[in-house]
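Structure first, then comments.
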Amino acid sequence: MAMISRMLDHFRRAVPFRIVPATIATAVLIGLLLVPTPDGLTPKAWALVAIFLTTIVAIILKVMPIGVMAMMAIMVVALSQVTATSSKGAITDALASFGNPLIWLIVVSVMISRGLKKTGLGARIGFWFISLLGRRTLGIGYGLAACELILAPFTPSNTARGGGIVHPIMKSIAHAFGSDPEQKTQGKVGTYLALVNYHANPISSAMFVTATAPNPLVVDYVAKVTNQSFHLSWGTWALAMLLPGLVCMALMPLVIYVLARPEVTRTPDAVTFARAELARMGPLQGREWVMLGTFALLLVLWADVPALLLGKAFSLDATVVALLGLFMLLITGTLDWEDVLTEKSAWDTLVWFGALVMLAGELNKAGVIGWFSAGLRSGIESSGMGWLPAAAVLVLVFLFSHYLFASTTAHISAMLLAFLSVGAHLVPGAYLVPFLLMMAAASCIMMTLTHYATGTSPIVFGSGYVGMGRWWFVGLVMAVVELAVFATVGLLWWKVLGYW
């Protein structure tokens, strides 16, 4: 008995997971596996659903660090062989997402942002923002939102924009106020600014075809379901989303200010302090010029300027551009290999985001997403509900089903065409265009929901300024607010434009 007691005592002290949340997550897994396999799914597909939902529950309940939960998911997929007929095939599937260019774009962007802190350029940019807008934290939030909006039309990768350009600036401003997760001072201004940094990203993505990679796919699907009678050109999209997008961008910093009020709200001496610091720093140093030049090059290439001027042959993938930027910083000595190795948040993101992307992709391959879409279509058509509530259900289910996805491109590819097709069948022709525009907006608004919703989210979340509970709560509130804006201001604006 004494030995058992000592073992239990050691278990309580040494084992890093939390017992009660672990028990709940285990019960969820067992309960789902005991549920009979739904019609239309194979037993392996249903087991994969159980693994995915259990992983999400374990992450939400903080059973262990998110990276450990991600490794657990990879291990369980490989052991259970739910994606293949052998353990070799299963582990190949489980690790396949680590070759995903989007994931490496995130990882490399985090590494590049390290250069802003090391060179001092980040602090300089932060002090410059403070000198302009630093009398109130709210003003700095609007500055970040404006920065995101200005860059959006020219940056097809929302990850590159929000995570690679705006986020380093946000971190620099937070550090200038002494707000640092490592010092447990993120609540000063960092939590608020990080949330503004992130939530400006989905709004700007919804405002321009060129603001995020999946938007052209939305344009293609809209054209298909209308038999090419309604085409969302760059100008048509921008005009349709202009007013509701601007209203969302204007409301967002205020709403987040209420939901995550910063500890430091008024900084009357901040402007004087920032100007003094800028004077003390003097002119730009050599490494800062390299960093600035690298960012300028990244912005030009991410905006696809060479392709616009010289043709599509000169277009570069966003991840290739990021790797080029990192290499430039390494060969110029702006960063060294030790900086890359010690950027823990980047490597942590690689593991947990890669695992979630893998699970979402395997759900799609197993037919789970198609089964879900078909069931929804059948349910709506057999319910006898009117076209207006049916349209609302389609928008809401499409948006909130993003909890099951770690990629907007994957979600749109898997589900949007089916949802648009159902809508085109149910919604009267006179009101079809507003429905299509609501779905287009929802395809970006859904990015607000989780810390794995799109490429930008793991970068901002990984910086440590926002806890998971607050992230999900603010994400849900912002999704509802933005939907309400598009359903009111948007519909009225589209009426003025003659779309219904």
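What the table below lists for this structure:
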{"item": "From the options THR409, THR332, THR319, residue that is in contact (Cβ under 8 Å) with a residue 24 or more places away in the chain, under 19 Å from the mean Cα position of the chain (by Cα) and within 23 Å of LYS118 (Cα to Cα)", "result": "THR319"}
{"item": "Among (1) part of a helix (DSSP H, G or I); (2) open to solvent by 10 Å² or more (accessible area, probe 1.4 Å), the one test that PHE230 misses", "result": "(1)"}
{"item": "Residues within region 286-325 that are surrounded by fewer than 16 Cβ atoms within 10 Å (Cβ to Cβ) and of a type in the set (Gly, Ala, Ser), tallied", "result": "7"}
{"item": "Among (1) open to solvent by 20 Å² or more (accessible area, probe 1.4 Å); (2) farther than 27 Å from ALA414 by Cα - the single one GLY370 does not satisfy", "result": "(2)"}
{"item": "Meets criteria (more than 26 Å from THR349 (Cα to Cα) and open to solvent by less than 30 Å² (accessible area, probe 1.4 Å)) for LEU41", "result": "yes"}
{"item": "Given (1) open to solvent by 10 Å² or more (accessible area, probe 1.4 Å); (2) touching a residue at least 40 places away in the same chain (Cβ under 8 Å); (3) over 17 Å from ALA270 (Cα atoms), index of the condition ALA152 fails", "result": "(1)"}
{"item": "Complete set of residues in region 170-186 that are out of contact with any Lys or Arg (no Cβ under 9 Å at 6 or more places or on another chain) and open to solvent by less than 20 Å² (accessible area, probe 1.4 Å)", "result": "MET170, ILE173"}
{"item": "First in region 177-201 and outside any helix (DSSP H, G or I), second anywhere and surrounded by fewer than 18 Cβ atoms within 10 Å (Cβ to Cβ) and among the charged types (D, E, K, R), Cβ under 8 Å, 6 or more apart", "result": "GLN186/ASP180; GLY187/GLU263; LYS188/GLU263; VAL189/GLU263"}
{"item": "Residue check, VAL466 open to solvent by less than 10 Å² (accessible area, probe 1.4 Å), in contact with a helix residue (DSSP H, G or I) (Cβ under 8 Å, 6 or more places away or on another chain) and farther than 23 Å from LEU246 by Cα", "result": "yes"}
{"item": "Search result, residues across region 221-234 that are without any contact (Cβ under 8 Å) to a residue 60 or more places away in the chain and touching a helix residue (DSSP H, G or I) at 6+ places or on another chain (Cβ under 9 Å)", "result": "SER229, HIS231, SER233, TRP234"}
{"item": "From LEU79, LEU138, LEU116, residue being in contact (Cβ under 8 Å) with a residue 40 or more places away in the chain, assigned to a helix (DSSP H, G or I) and open to solvent by 20 Å² or more (accessible area, probe 1.4 Å)", "result": "LEU138"}
{"item": "Any helices (runs of 4 or more DSSP H) falling wholly within region 407-500 and containing at least 1 residues that are under 24 Å from VAL196 (Cα atoms), of a type in the set (A, V, I, L, M, F, W, C) and in contact with a Cys (Cβ under 9 Å, 6 or more places away or on another chain)", "result": "432-445, 468-485"}
{"item": "Number of positions in region 402-426 that are farther than 21 Å from PRO216 by Cβ and open to solvent by 10 Å² or more (accessible area, probe 1.4 Å)", "result": "4"}
{"item": "Scan of region 312-339 for residues that are under 21 Å from GLY163 (Cβ atoms) and in a loop (DSSP other than H, G, I, E, B), ordered by number", "result": "SER315, LEU316, ASP317, THR334, LEU335"}
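The values are calculated or read from the model by the stated rules, or taken from the named source; none is laboratory data. The shown structure was predicted, so the numbers you read here are calculated from the model rather than taken from an experiment. FYI the Cβ positions are ideal-geometry reconstructions off the backbone, even for glycines, and counts take in every protein chain you see. Please note that ligands, DNA and RNA were not included when accessible areas were found on the heavy atoms of the full protein model with its side chains. Shrake-Rupley method; radii C 1.70, N 1.55, O 1.52, S 1.80 Å.
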